[in-house]
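The values are calculated or read from the model by the stated rules, or taken from the named source; none is laboratory data. The structure presented is a predicted model; accordingly, all values stated were derived computationally and were not measured. Quick reminder, even Gly has a Cβ in these numbers, built from the backbone with ideal geometry, and neighbours come from all protein chains shown.
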């Protein structure tokens, strides 16, 4: 698989309308951030979610570097994280305090 194939596969994975099954990207990352924040007892941002999902894939690459899906997912999470951070300035950084507080109250 060539780099263009990996990028094309990642593009297909993140640009098809997945909102019907996965929800809106920023909402999904925000919800994951809220859950992780509650579990860890410290705020986790949407950008942290993207970075940590990439780290998960990097750990899987260490075990099975020949599995193309891991490489595709790294590119996809990087694209999604970049979009959330670069196009949604009001939800960047550690601005999940409201969601964190909500999870703490539940």
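Observations, loosely collected:
- Taking (1) under 14 Å from residue 80 (Cα atoms); (2) at pLDDT 95 or above in turn, residue 56 satisfies each apart from (1).
- Unmet requirement for residue 62, which otherwise passes all of (1) over 19 Å from residue 2 (Cα atoms); (2) in contact with a helix residue (DSSP H, G or I) (Cβ under 9 Å, 6 or more places away or on another chain): (2)
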